[in-house]
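Q: Mind having a look at this structure? Questions to follow.
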Amino acid sequence: MQIGHLDFNAKNDLGQLSNSTGVSTSEQNYDRGGSVVVATTDTVPSLGPVQVTFNGEEASRASLELEELLNSLKIGPLAIADAPHAGLEGYYWSPSISRDMRTSGEQGIVTLDPSFALAGRRGSHRRAIETAPSDDVDHEYGNDLEALIALPATARLAEWLDPESKTTDPATPLETVETARGELELYDAKDGPDLDTTQPVLTADIPYSDDSIGDVYVWDLYDSDEVAEGRRVSLPAHDPAGPIALDTGRLRLVLDQYSGTIQADEYDPDNGWSDVGLEDDQPASVELVVVDVATIEAPRARGQLRFDVDGDPYYLDVIASGGHDSVLVTIPDGESGPIPTSLEEWLEPIASERIVDPQSSKTLVDRQEVRR
């Protein structure tokens, strides 16, 4: 069974699953920073009870990874795929989660009991990427006006939607790219849609198992310097126990405020991940002091970095988007430009030339909105 990006097998004991239905007496609104998913007042199935047990030294970290994912309204509703019983696949919210933790010597046993409420299925909804392209990104790296957002290459029926008039326009990808999580197609929210709106929505029918391929991942590396040893972070309030990594599937930045540096790796489909050499080129006058993750959404994460440059503090925001091979580096409102030369030149290999932030968020759209 797959919940979001997490697969559960014998290592994580998934308890009995059952399906129940009921009639909703009122609409349930889930506010996702401006977007709303509405559960209809029809028969509403739910998935439960679900019990997931984690064993071993990683039990606490692994259970926290799932618990944060289920608690994030910015990433949900989550796709559940490969369910062991027919009819349980779909998009779900988790209204409540209980946790039971026990220890036996050095081994931990953590049991999560989440509840799930159905938000929709592919038969009733399409995946949607909402956008609000903003061209006020402030940097000196270029002036590219593309506002790129990603869909899995397996997506069908990709269309742009005007959220006000409900008119649609077929969506054509600019390019197809290979990532560490699968093949993606990139669309331009700024110039792609032929619609009378500045906030187009990209809709598509996506297999449940491919739903998270285009997501950006934030990792807590804990006591390791390897992303493969880390756990996904889904809430900005997460208390990091090690370096934080931003992972677009094509670029990974390991932001290590403990050693004061940044490591960058790029993905090549033939050779896998390789070091860009950013850490080796770090100027002696520049040190990373603070990593503050401000926003984590499925297709986009934003963090603020505080540097020490020649003894003075300097702040920059970095915006990572799923499927991108670079990150937006921008001067925040409370900081003055230009970026110090030593810092600007150091970050150039991983900084995007684009000056548009798509401000993308992931949600669902009722198929009634795209019907003629």
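The values are calculated or read from the model by the stated rules, or taken from the named source; none is laboratory data. On a predicted model such as this, the values are computed, not experimentally measured, just so you know. Because the Cβ atoms are built from the backbone with ideal geometry, glycine has one as well, and the counts that use them run over all protein chains shown. These area figures cover heavy atoms from the full protein model, side chains too; ligands, DNA and RNA do not enter into them. Shrake-Rupley method; radii C 1.70, N 1.55, O 1.52, S 1.80 Å.
Q: For the chain, what does the relative contact order come out to in percent, with C-alpha contacts under 8 Å and a separation of six or more? Walk me through the intermediate numbers first.
A: Values: 932 pairs, mean separation 65.4, N = 372.
With pairs under 8 Å counted, the relative contact order is 18 percent.
Q: Give the long-range amide H neighbours of T261: residues separated by 5 or more places, or on another chain, with amide H under 5 Å away, using H modelled in the peptide plane at 1.01 Å from N.
A: Here D256, L288 satisfy the definition.
Q: In deg cm²/dmol and to the nearest 500, what is the mean residue ellipticity at 222 nm of the chain if only DSSP H runs of at least 4 residues count, each as -39500 (n - 2.57), divided by the residue total?
A: The per-residue figure over the chain is -1500 deg cm²/dmol.
Q: Assuming 0.36 nm per residue, please report the length gained on full extension of the stretch L145 to N71 beyond their Cα-Cα distance.
A: Numbers: separation 74, 0.36 × 74 = 26.64 nm, distance 3.44 nm.
Here the segment from L145 to N71 would lengthen by 23.2 nm.
Q: Could you sort E226, E130 by accessible area so the largest value comes first, with the probe set to 1.4 Å? Present the calculation step by step, with values, prior to reporting the outcome.
A: Numbers: E226 100, E130 55 Å².
Final ranking, largest accessible area leading: E226, E130.
Q: How many Å² of accessible area per residue for the chain, probe 1.4 Å? Spell out each step's value before the answer.
A: Working: 16490 Å² over 372 residues.
Value for the chain: 44 Å² per residue.
Q: OK, next. Treating only the Cβ of Lys, Arg, Asp and Glu as charged (+1, +1, -1, -1), what charge dipole size does the chain show about its Cα centre? Round to the nearest 20 debye.
A: Dipole size: approximately 2300 debye.
Q: Within region 80-161, what whole-number % of the accessible surface is contributed by carbon and sulfur, with the 1.4 Å probe and all protein chains included in the calculation?
A: 46 percent
Q: So, one more: Rounded, prolate or oblate: which fits region 127-190 when a ≥ b ≥ c are the square roots of the eigenvalues of the alpha-carbon gyration tensor, with rounded for a/c under 1.5 and prolate only if a/b beats b/c? Before the final figure, lay out each step's value.
A: Details: a/c = 2.37, a/b = 1.13, b/c = 2.10.
In terms of gyration-tensor shape, oblate.
Q: Aspartates and glutamates near K74 by alpha-carbon distance under 14 Å, same-chain residues fewer than 8 away left out - which ones?
A: Of all the aspartates and glutamates, those that pass the test against K74 - Cα under 14 Å, at least 8 places apart if same chain - are D31, E130, D215, E297.
Q: In sequence order, what are the phi-derived ³J(HN,Hα) couplings for region 165-176 according to the Karplus relation 6.51 cos²θ - 1.76 cosθ + 1.60 with θ = phi - 60°, rounded to whole Hz, with x for glycine and proline?
A: 7, 6, 6, 10, 8, x, 9, 10, x, 6, 7, 10
Q: Explain nothing, just the number: relative contact order of region 217-280, from Cα pairs under 8 Å at least 6 residues apart, as a whole percent.
A: 23 percent
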